[in-house]
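First comes the structure, then the notes that go with it.
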Amino acid sequence: MVIEVIKKVVIRPQTSLGLLVVLAILPLVIKSDYLLHVLITVGLYVVLSLSLNLVSGFTGQLSIGHAAFYGIGAYVTALLMLRLNMPYWATIPLAGIITALFGLILGLPTLRLRGDYLAIVTLGFGEIVRLVFLNWDSLTRGPMGLPGIPSPQLGSLIFTSKIPFYFLILMILVITVIFMVRIAESEFGLSLIAVSHDELAAEAVGIPTLRAKLLAFVFSALFAGIAGGYYATYISFVSPDSFTFMDSVTILSMVVLGGLASIPGVVIGAIVLGLAPEVLRFMADYRMLLYGALMVIMMIYKPDGFWGAKHRVRNAILKNLEKKPTRVKRGEPI
Amino acid sequence: MFSQQLVNGITAGGMYALIALGYTMVYGILKIINFAHGDIFMIGSFIGLFLVKQIHLGLIPAMLISMAIVAFLGIVVERVAYRPLRNSAKIAPLLSALGVSIFLTNFAQLVWGTQTRAFPSSFQIKTFQVGNVALSSMQIYTLLVCILLMVGLYLFVQKSKLGVAMRATSHSVENARLMGINVDTIISLTFGIGSALAAASGILVGLYYDAVYPVMGYTAGLKAFTAAVLGGIGSIPGAMLGGLLLGVFENLGAAYISMGYRDAIAFGLLIIILLIKPTGLLGKNIQQKV
């Protein structure tokens, strides 16, 4: 009951606007670099989870290699900035496009594969990408990584403190959320959900399922790539260790624990799991032990996540039906 | 050079196959990827190491005890993390398995520390020269244990009554239940056997590479899983074949292409096989119905 009320409040547009204002003035209140860093990390996780949600949530294609896209975006940005001295802003579209191309490549196996098999291909893809980072010494410096990635520069303002970085991720986050909400409300979004429910049935009613799946992968990779680029310039160091299988799993857990295919759910999932390691810090060595146990407990007691999409989809359909009352009176032939 | 890599590959492949059997048997019945299996393998290795080093047991009793303990662990994991989720959406057991995996890795780090430990072998390692192939006694023992366990499993599954029940359950859980088979017991048994085989492999891998560490289950698990898919997941002979093939390919690739890309070769092979024949080499084709 309480949860229902909270859900109703959260999905109001006024709430989002209010939240945005709060987020915008937050850095004026928070003076701690550590807290800002935590907020930035959580923001990055929200963007990554939302991007994965497009593939694994809406389209129902389980992907456990999402960190690969994040990594490709980060490496592309890092290399463009270090080797070609490009400004950060110019690398954003390039990182996005190159990562999106890899998304297209990973999307192609969906032609033939479904479910667990596809999940394994995404896993293999993630591992191969990480191994290429690790072994292509002449380009990526292998396990030593790429240090000294410059900070973005806006006119005379060089991003040295955490505050401009905070606003940058907030901007990326807002754009991502708007994009995802628009997709969810569009015909394209509905076709993705149709694919996730039953691909053959979707194809039978004339949805171009292949195109839908490929586009989902492309957009998903695009946003993950932009997030990766941001990470590269923010941390100013990239190495293969930051884009492992565990990172893919973390992002996927955020999506699933939040609630597949539900945008507010995924955002909450990313916030909760993003903050969990910090909140659980007092547990010291037992932190990850508890994290694993919590994942199991959560799946047992709430397998739909915090914000199960099941009811949401049904409600949306019912609402649409209510909006268009049939003109046929009862008893009349249609 | 080629035949040497072939021998090394077969040895590694035998160990992969032992782990892959656990994946494939569980998938055959429950249709879930048991992502915690690699960590169960790692726990088996650590328990074996503990028994050999602290309790001063011989290798064979240590292996048997470790297999028994880990079989029990596998059964407990199924009870706690998978059984409550049997009727929920497919992604729930997957996440639950990943949770167990994180839990076990960190448990091992807390108990045994993060450093790599050597696995003392109590016997003298001799090397035999056969033609231009160097064959160590370690490789021979490893292969012997692998073959023994696999033949044992094959006989159990094919000849014993429980084995028949297991095959029936993997064919159809519903029909098996109607035939009076206690499906829950069979599933527990499957997890137990799979985990025991993983524990045996854990000790062999620990001995062979002389290294035991908490994240060893991650790569070994992924490779074994690759092997299971390669052979056709759900098929027991498939897992054995897949393991051997993977071990051989990967060793040849490492020797002739690049050492650093050894794992990438394994995963690349996996993707290609899946695209050409998604059901693996020995898997059955299942038509999707509308």
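Restricting to region B:85-105, and then to whatever is surrounded by fewer than 22 Cβ atoms within 10 Å (Cβ to Cβ) and polar (S, T, N, Q), can you tell me which residue is nearest to the other protein chains (Cβ to nearest Cβ)?
B:SER88
Does any residue of region B:165-185 turn out to be in a loop (DSSP other than H, G, I, E, B) and of a type in the set (A, V, I, L, M, F, W, C)? Explain how you work it out, then say what you get.
First, the residues of region B:165-185 that are in a loop (DSSP other than H, G, I, E, B): B:172, B:179-182.
Right, trim to of a type in the set (A, V, I, L, M, F, W, C) and you get B:179, B:181.
Within region B:165-185, one or more residues are in a loop (DSSP other than H, G, I, E, B) and of a type in the set (A, V, I, L, M, F, W, C).
Where residues in region A:130-144 are closer than 18 Å to A:LEU84 by Cα and not charged (D, E, K, R), which of them is surrounded by the most Cβ atoms within 10 Å (Cβ to Cβ)?
Filtering first and then ranking leaves A:THR140.
Over 16 Å from the mean Cα position of the chain (by Cα), closer than 22 Å to B:PHE267 by Cβ and in contact (Cβ under 8 Å) with a residue 60 or more places away in the chain - does that describe any residue in region B:169-191? Outline the logic, then answer.
Of region B:169-191, the ones over 16 Å from the mean Cα position of the chain (by Cα) are B:169-188.
Then drop every residue that is not closer than 22 Å to B:PHE267 by Cβ, which leaves none.
No: region B:169-191 contains no residue that is over 16 Å from the mean Cα position of the chain (by Cα), closer than 22 Å to B:PHE267 by Cβ and in contact (Cβ under 8 Å) with a residue 60 or more places away in the chain.
Within region B:77-88, how many residues turn out to be small (Gly, Ala, Ser) and in contact (Cβ under 8 Å) with a residue 40 or more places away in the chain? Quick ask: steps written out before the conclusion?
Going residue by residue through region B:77-88, those that are small (Gly, Ala, Ser) are B:81, B:88.
Cutting the leftovers down to in contact (Cβ under 8 Å) with a residue 40 or more places away in the chain gives us B:81.
Total meeting the criteria: 1.
Please tell me if A:LEU26 is part of a helix (DSSP H, G or I) and either out of contact with any helix residue (DSSP H, G or I) (no Cβ under 6 Å at 6 or more places or on another chain) or of a type in the set (Lys, Arg) (or both). I'd like the intermediate steps shown before the answer.
Numbers: part of a helix (DSSP H, G or I): yes; either out of contact with any helix residue (DSSP H, G or I) (no Cβ under 6 Å at 6 or more places or on another chain) or of a type in the set (Lys, Arg) (or both): yes.
So A:LEU26 passes the test.
Could you list, in sequence order, all residues of region B:106-135 that are of a type in the set (Val, Ile, Thr) and either within 14 Å of chain A (Cβ to nearest Cβ) or not in a loop (DSSP other than H, G, I, E, B) (or both)?
B:VAL111, B:THR114, B:THR127, B:VAL130, B:VAL133 - these are the residues of region B:106-135 that are of a type in the set (Val, Ile, Thr) and either within 14 Å of chain A (Cβ to nearest Cβ) or not in a loop (DSSP other than H, G, I, E, B) (or both).
Counting just the residues of region A:238-248 that are crowded, with 23+ Cβ neighbours inside 10 Å and either at pLDDT below 85 or over 11 Å from the mean Cα position of the chain (by Cα) (or both), which one comes out nearest to the other protein chains (Cβ to nearest Cβ)?
We begin by selecting, within region A:238-248, every residue crowded, with 23+ Cβ neighbours inside 10 Å; these are A:238, A:243, A:248.
With the extra rule that they be either at pLDDT below 85 or over 11 Å from the mean Cα position of the chain (by Cα) (or both), the set shrinks to A:238, A:243.
Working: A:VAL238: 18, A:PHE243: 14 Å.
The selected residue is A:PHE243.
With the condition kept exactly as written, say whether any residue in region B:269-277 is within 12 Å of chain A (Cβ to nearest Cβ), without any contact (Cβ under 8 Å) to a residue 60 or more places away in the chain, over 30 Å from A:GLU203 (Cβ atoms) and not hydroxyl-bearing (Ser, Thr, Tyr). Quick ask: steps written out before the conclusion?
To start, the set of residues in region B:269-277 that are within 12 Å of chain A (Cβ to nearest Cβ) comprises B:269-277.
Of the ones still in play, those that are also without any contact (Cβ under 8 Å) to a residue 60 or more places away in the chain are B:269-277.
From the residues that got through so far, the ones that are over 30 Å from A:GLU203 (Cβ atoms) too are B:269.
Subsequent filtering for residues that are not hydroxyl-bearing (Ser, Thr, Tyr) retains B:269.
Within region B:269-277, one or more residues are within 12 Å of chain A (Cβ to nearest Cβ), without any contact (Cβ under 8 Å) to a residue 60 or more places away in the chain, over 30 Å from A:GLU203 (Cβ atoms) and not hydroxyl-bearing (Ser, Thr, Tyr).
Just checking, which of B:LEU270, B:LEU282, B:LEU244 is surrounded by fewer than 24 Cβ atoms within 10 Å (Cβ to Cβ) and either over 17 Å from the mean Cα position of the chain (by Cα) or over 17 Å from B:MET15 (Cβ atoms) (or both)?
Working: B:LEU270 fails: surrounded by fewer than 24 Cβ atoms within 10 Å (Cβ to Cβ); B:LEU244 fails: either over 17 Å from the mean Cα position of the chain (by Cα) or over 17 Å from B:MET15 (Cβ atoms) (or both).
Criteria check complete, one pass: B:LEU282.
Would region B:63-76 turn up any residue that is free of Cβ contacts under 8 Å to residues at least 12 places away in the same chain and farther than 23 Å from B:VAL26 by Cα? Talk me through it step by step, then tell me what you get.
Step one: list which residues in region B:63-76 are free of Cβ contacts under 8 Å to residues at least 12 places away in the same chain, which gives B:64, B:76.
Now narrow it down to the ones that are farther than 23 Å from B:VAL26 by Cα: none.
Taking every residue of region B:63-76 in turn, none turns out to be free of Cβ contacts under 8 Å to residues at least 12 places away in the same chain and farther than 23 Å from B:VAL26 by Cα.
Consider A:ILE172 against the criteria (1) assigned to a helix (DSSP H, G or I); (2) surrounded by 22 or more Cβ atoms within 10 Å (Cβ to Cβ): it satisfies all of them except one. Which criterion is unmet?
(2)
Each row is one residue, and each column tells you yes or no for (1) out of contact with any strand residue (DSSP E or B) (no Cβ under 7 Å at 6 or more places or on another chain); (2) closer than 25 Å to B:SER136 by Cα; (3) within 14 Å of another protein chain (Cβ to nearest Cβ).
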{"site": "B:GLU174", "(1), (2), (3)": "yes, no, no"}
{"site": "B:ASN182", "(1), (2), (3)": "yes, no, no"}
{"site": "B:PRO214", "(1), (2), (3)": "yes, no, yes"}
{"site": "B:THR219", "(1), (2), (3)": "yes, yes, yes"}
{"site": "B:LEU230", "(1), (2), (3)": "yes, no, yes"}
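Scan region A:37-84 for residues that are among the hydrophobic types (A, V, I, L, M, F, W, C) and assigned to a loop (DSSP other than H, G, I, E, B) and report the count.
Kept after step one, since they are among the hydrophobic types (A, V, I, L, M, F, W, C), are these residues of region A:37-84: A:38-40, A:42, A:44, A:46-48, A:50, A:52, A:54-55, A:58, A:62, A:64, A:67-69, A:72, A:74, A:76, A:78-82, A:84.
Next, from what is left, pick out any that are assigned to a loop (DSSP other than H, G, I, E, B): A:62, A:64, A:84.
Final tally of qualifying residues: 3.
Take the residues in region B:63-84 that are of a type outside the set (Lys, Arg) and within 14 Å of chain A (Cβ to nearest Cβ), then tell me which one is nearest to A:PRO303 (Cα to Cα).
B:PRO84
Which one is surrounded by the fewest Cβ atoms within 10 Å (Cβ to Cβ), of the residues in region A:23-59 that are touching a Lys or Arg at 6+ places or on another chain (Cβ under 9 Å) and at pLDDT below 85?
Among residues in region A:23-59 that are touching a Lys or Arg at 6+ places or on another chain (Cβ under 9 Å) and at pLDDT below 85, the one surrounded by the fewest Cβ atoms within 10 Å (Cβ to Cβ) is A:ASP33.
Restricting to region A:145-167, what's the tally of residues that are hydroxyl-bearing (Ser, Thr, Tyr) and either surrounded by 15 or more Cβ atoms within 10 Å (Cβ to Cβ) or touching a Ser or Thr at 6+ places or on another chain (Cβ under 8 Å) (or both)? Steps first, please.
Let us first name the residues in region A:145-167 that are hydroxyl-bearing (Ser, Thr, Tyr), namely A:151, A:156, A:160-161, A:166.
If we keep only those that are either surrounded by 15 or more Cβ atoms within 10 Å (Cβ to Cβ) or touching a Ser or Thr at 6+ places or on another chain (Cβ under 8 Å) (or both) as well, we get A:151, A:160, A:166.
Of the residues in region A:145-167, 3 are hydroxyl-bearing (Ser, Thr, Tyr) and either surrounded by 15 or more Cβ atoms within 10 Å (Cβ to Cβ) or touching a Ser or Thr at 6+ places or on another chain (Cβ under 8 Å) (or both).
Determine which member of the set B:ILE19, B:ILE60 is surrounded by fewer than 18 Cβ atoms within 10 Å (Cβ to Cβ) and either of a type outside the set (A, V, I, L, M, F, W, C) or more than 11 Å from chain A (Cβ to nearest Cβ) (or both). Walk me through how you get there before you give the answer.
Details: B:ILE19 fails: surrounded by fewer than 18 Cβ atoms within 10 Å (Cβ to Cβ).
Of B:ILE19, B:ILE60, the one residue that is surrounded by fewer than 18 Cβ atoms within 10 Å (Cβ to Cβ) and either of a type outside the set (A, V, I, L, M, F, W, C) or more than 11 Å from chain A (Cβ to nearest Cβ) (or both) is B:ILE60.
For region B:56-80, how many residues are under 23 Å from B:PHE103 (Cα atoms) and of a type outside the set (Asp, Glu)? Talk me through it step by step, then tell me what you get.
Step one: of region B:56-80, the residues under 23 Å from B:PHE103 (Cα atoms) are B:65-80.
Those left that are additionally of a type outside the set (Asp, Glu): B:65-77, B:79-80.
Counting residues in region B:56-80 that are under 23 Å from B:PHE103 (Cα atoms) and of a type outside the set (Asp, Glu) gives 15.
Is there any pair with a first residue in region B:231-244 that is within 21 Å of B:VAL173 (Cα to Cα) and a second that is among the polar types (S, T, N, Q) and part of a loop (DSSP other than H, G, I, E, B) whose Cβ atoms are under 6 Å apart and which are 6 or more apart or on different chains, and what are they?
B:GLY232/B:THR279
Taking B:ILE32 as meeting all but one of (1) surrounded by fewer than 24 Cβ atoms within 10 Å (Cβ to Cβ); (2) over 16 Å from the mean Cα position of the chain (by Cα); (3) within 14 Å of chain A (Cβ to nearest Cβ), write down the number of the exception.
So B:ILE32 meets the others, but not (2).
The values are calculated or read from the model by the stated rules, or taken from the named source; none is laboratory data. All of these numbers come straight from a predicted model, not from anything done at the bench. A quick note on method: Cβ atoms are made from the backbone with ideal geometry, for glycine too, and the neighbour counts reach across all protein chains shown.
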